[in-house]
1. State whether the chain is rounded, prolate or oblate according to the following rule on the C-alpha gyration tensor (a ≥ b ≥ c being the square roots of its eigenvalues): a/c under 1.5 gives rounded; otherwise a/b larger than b/c gives prolate, and the remaining case gives oblate.
2. Against the longest principal axis of the chain, how steep is helix 723-757, in degrees 0 to 90 to the nearest 10, with axes from Cα atoms?
3. Calculate the length of the line joining the C-alpha centroid of region 269-306 to that of region 730-803, in whole Å.
4. Using a 7 Å offset from the Cα along the Cα-to-Cβ direction at both ASP747 and LYS192, what is the distance between the two label points in nm, to one decimal?
5. What relative contact order, as a whole-number percentage, does region 3-250 give when Cα pairs under 8 Å and 6 or more residues apart are counted?
6. May I ask which residue of TYR84, ILE529, ILE741 lies farthest towards the positive end of the charge dipole of the chain, with charges of +1 (Lys, Arg) and -1 (Asp, Glu) on Cβ and the Cα centre as origin?
7. When the dipole is taken about the Cα centre of region 443-547, and only Lys, Arg (+1) and Asp, Glu (-1) are charged at their Cβ, what size is it in debye, to the nearest 20?
8. Could you tell me what percent of the DSSP beta bridges with both partners in the chain are antiparallel, to the nearest 5?
Amino acid sequence: MDTKKIRQIFFDFFQEKGHMIVDSAPITVQDDPTLMFTNAGMNQFKDIFLGNIKSKTKRVANTQKCLRVSGKHNDLEEVGVDKYHHTMFEMLGNWSFGDYFKEDAIKWAWEILTKKYNLDESRLYVTIFGGDSSEGLSRDLQSYDYWKEIVDESKIIDGSKKDNFWEMGDTGPCGPCSEIHIDLRNAKEIEKIPTYKLINKDHPEVIEIWNLVFIEFNRKKDGSLNNLPEKHVDTGMGLERLSMAIDSLKSTYDTNIFKSIITSLENISGKKYGESKDINIAFRVICDHIRAIVFTVSDGAIPSNNKSGYVVRRILRRAVRYGYSTLNLDKPFLNELSESVINEYKNIFKNLSGQKKFIMEVILEEEKAFLITLEKGLRRIKEHGTTKNIVSGELVFELYDTFGFPIDLTELIFRERGIEIDKDKFKELLELQRKRSRNVLKSVSEDWIYLKKEKRGTLFIGYEKNKSSSEIIMYREVKLDDKVMYDIVFDTTPFYPESGGQVGDVGYMIDGEEKVNIIKTYKENDLIIHVSENLPKSIENKIQLKIDKNRRGFISKNHSATHLLHAALRNVLGDHVSQKGSLVSENILRFDFSHFSKIDSESIDKISDIVNDKIVENIKVDIQDDVNIKEAKKRGATALFGEKYGEKVRVVSIDEKFSIELCGGTHVKNTSEIGHFKILSESSISSGVRRIEAITSIESDKFSKKESRLINDLKLLLKTNNILESVSSLIDKNRSLEKEIISNNNDRKKHLRDKVLSLVEKKDDVNLIIHNFKNEKMDLVKQLAFELENEKKNMIFLGVLSNSKKPIILLMISKNLCEKMSLDANIIINKLATHIKGSGGGQKFLATAGGKDINGIDNVIKEGKSLFALLLNN
């Protein structure tokens with residue numbers, strides 16, 4: 001059965017049962033600190049389960065794009081090795097928010113599987129939660145009773161807490177679950193080993209296809225369970241596995257979802273899926289990973305070294321390595337393969353078509369960059385050899401830090417050779433590097449304390465007002481290292497939470513004579529959280545909230561300017577420009593956008609002029625709330641990819657023919673309030689993504705005054721009114737002096753070379769040079785050593801220098817001599833460096849050492865001569 005038909009049957013079935021079909025949330029997660037990627041269909045409904053907000057509808061269903069590559073849900077290692085695990089997959093799901101519960105969920109799941117998808121009932125088995133005495137949880141008899149009305153009791157299997165008690169995380173909503181499994185083995189195998197013995201035993205043909213979760217408890221921080229005020233249903237069924245089951249296939253990779261992708265890879269590689277075990281694994285890994293890459297990039301996770309971007313980079317590099325090592329693909333290929341993924345899904349996930357060029361360009365640039373370091377890294381692994389059973393953490397870190405090998409890629413490469421890696425040492429080195437690069441604060445949150453349980457969510461009034469009279473709904477204590485802070489949620493607030501690139505408001509709360517600062521406002525899922533160093537003394541009282549109005553004003557100016565900049569970029573560079581991220585603060589605005597080349601200064605000027613012209617025009621900033629999203633898009637409103645939008649959206653227009661965007665941020669009333677716009681810089685931040693930093697209003701005025709002062713200072717310094725002419729003259733003089741220095745250095749080097757050549761001692765076919773270069777420059781001596789080694793071959797070059805009263809030793813040994821005579825410049829130089837009270841290092845053929853005692857130089861030369869004489873005689 002075609003997967004398009006499978007989806008439609010699911011949607012039609014649950015619509016008939018009163019469910020609203022909602023869009024998939026983006027695969028990248030914006031406002032949940034516990035997640036980087038959507039790993040289940042329930043993620044977008046988390047606040048409803050937590051009781052923070054009320055659902056607008058009691059029943060929903062959808063297909064959700066999911067990614068599982070880290071943390072508790074990590075399927076990366078299984079992908080390709082088995083035939084049914086995936087990093088990216090589609091999850092079909094239906095939800096009930098305080099409406100139907102176990103009976104209907106079980107009944108409808110069975111109905112659609114057996115009556116609509118026509119699965120063989122004899123092959124289906126179900127599990128229920130068998131209870132857990134340590135938690136005081138009894139067997140899920142309700143589910144058992146409902147199931148025994150449908151299936152034979154022998155097909156109902158009690159499951160453990162691990163398999164049949166679902167938890168969102170260490171804390172939060174949880175409850176028993178009931179899984180539906182299918183046995184796809186042939187009759188002979190089933191007769192040999194009965195199905196019930198293989199349930200949840202990782203058998204490739206006895207697999208779970210649907211999980212029905214009954215959320216009825218809340219796990220507290222102390223581990224205890226409380227009953228939730230409302231009971232919910234949360235189900236999830238993998239589309240790929242369902243398709244495999246419907247067509248009685250042995251692998252999800254044999255379903256029609258993967259057919260076109262596998263065919264494309266066959267055409268690109270010249271290999272055939274099914275040729276060999278290694279080729280099959282490589283095909284499965286690559287075809288799985290390219291889906292993950294396409295969907296994450298399309299939703300805004302660009303390959304980088306940070307957070308979600310690094311996960312995408314890891315997946316991409318893993319795929320490139322399989323192509324390189326197994327399919328002999330030494331040139332970029334994933335960008336071409338991505339086209340087949342986009343074509344497969346473009347009618348289901350509409351944002352893919354419009355981003356096709358961007359996705360392919362990002363993948364191409366990332367592939368090119370990694371292929372260069374991949375070859376070098378694999379060479380380094382080859383040099384290291386495979387004589388030991390465990391690879392040092394130092395080498396693993398070197399591959400990570402120098403060659404860009406994610407640890408799981410290095411682990412995979414060595415595992416294929418039967419060798420383990422020292423993960424603990426790697427983690428230790430990585431942690432040291434992180435500590436050096438930044439101070440990371442450890443955050444620990446306590447449970448929420450509810451003061452007004454009957455109230456849910458926060459009414460935001462910050463578009464119209466900058467103060468409010470509010471009540472605390474709930475709060476929690478948060479420890480940042482040793483500092484105690486408080487997260488506070490109010491029933492009403494004028495504080496804008498950090499969202500959509502705009503920084504959150506700051507301000508204060510007033511309780512009588514007491515004034516308490518609010519230092520940050522952010523969103524956690526749909527909660528607006530106010531951060532303070534203290535709680536007000538009377539937490540039950542009405543509290544006055546006030547934002548920093550001046551700061552908000554500057555933020556609003558920068559946000560409106562960002563919209564003007566976006567429109568100007570599309571006007572000058574083309575419609576391919578789309579927003580990839582932003583930062584809007586009170587001092588600066590930063591705008592990231594899709595574009596594949598540096599913007600020339602003429603275009604930068606055009607963009608600035610357009611923005612400033614619109615500011616001068618004094619255009620009204622028109623804001624419309626509760627616009628139907630389809631109508632907004634029909635009017636041409638641009639949306640930020642990766643952002644989650646509901647059915648009703650907020651539309652911000654600045655001359656609708658010029659700029660119209662979906663936006664929840666704060667803005668000026670008309671463009672003249674912005675004052676002036678100035679671009680500070682334009683740069684590349686990753687493949688296919690450029691960044692502009694700019695300022696407005698007072699900051700722009702300050703910058704202009706600073707520039708003016710600088711120009712005046714330069715005129716005084718250069719004693720001229722024509723700065724360009726004077727600087728040009730200085731550059732010419734500098735070039736002339738540089739040529740003179742180079743000429744002098746060449747003369748000096750020639751003189752030095754002639755002198756050193758006269759000192760060469762020849763022993764058999766080895767050229768030995770030992771010399772005190774005194775105050776010569778290290779670069780010059782090193783350059784000379786390389787030139788002589790190139791010319792003479794079989795050379796040992798030992799030089800000592802005494803620059804700035806600090807002794808330096810340089811030792812170069814021809815590579816062939818290192819191998820032939822088992823010499824190591826590192827070991828030798830450290831032995832010699834004891835004479836100058838120093839130490840050194842480098843490579844086998846080239847090492848340097850520094851020391852403190854200049855009086856030991858003669859002893860270095862003396863021991864060097866006797867040491868090499870002894871080595872050469874032997």
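1. Oblate is the answer for the chain, as a/c is 1.5 or above yet b/c matches or exceeds a/b.
2. 60 degrees
3. Centre-to-centre distance over Cα atoms comes out at 51 Å.
4. Going from the ASP747 label point to the LYS192 one covers 8.9 nm.
5. Over region 3-250, the number comes to 19 percent.
6. Sorting the options by dipole projection puts first ILE741.
7. It works out to roughly 280 debye.
8. 85 percent
Laboratory data are not the source of any read-out in this text; all were calculated from the coordinates shown. Only a predicted model underlies this, so the values are computations on that prediction, with no experimental measurement involved. Glycine gets a Cβ as well: all are built from the backbone with ideal geometry, and neighbour counts include every protein chain shown.
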